[in-house]
1. State the dimensionless ratio Rg/Rh of the range 49-89 (Rg: radius of gyration of Cα atoms; Rh: Kirkwood radius).
2. Using label points projected 7 Å from each Cα along Cα→Cβ, tell me how many nm separate Thr49 and Asp85, to one decimal.
3. Hey, if we sort Glu79, Glu56 by accessible area with the 1.4 Å probe, largest down, what's the order?
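The values are calculated or read from the model by the stated rules, or taken from the named source; none is laboratory data. Treat the numbers as computed from the prediction; the structure is a model and nothing was measured. So basically every Cβ, Gly included, is an ideal-geometry build from the backbone, and we count neighbours across all protein chains shown. When the accessible area is computed, the model is the full protein with side chains, heavy atoms only, and any ligands, DNA or RNA have been set aside. Shrake-Rupley method; radii C 1.70, N 1.55, O 1.52, S 1.80 Å.
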Amino acid sequence: MNMTLRKIATGLCMVGLSTCVAADSDTGDSRYAPGSTGKYQCDGRTYCTQMKSCDEARWFLANCPGTKMDGDRDGVPCEKQWCGDGVGR
């Protein structure tokens, strides 16, 4: 199988797989990298209405391609639903 790496905003993903390596490039924060919590996996969900917490939304934004959770592109997902006003930060 021919796999290629694709750079996303916060890391690298294997195209064709839901395998990503992500970390904040400034701080090296890997809290949302695969294996760090073991709670989440890329499963096709892309919207804030499909998330159950700010932590989950942050993990999806950092690890899953095609998410639509950061409209203003400031790195904070789901600000209206989960991560706004200091909640979940």
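1. Answer for the range 49-89: 0.90.
2. Label at Thr49, label at Asp85, 2.2 nm between them.
3. Reading off the accessible areas and sorting them downward yields Glu79, Glu56.
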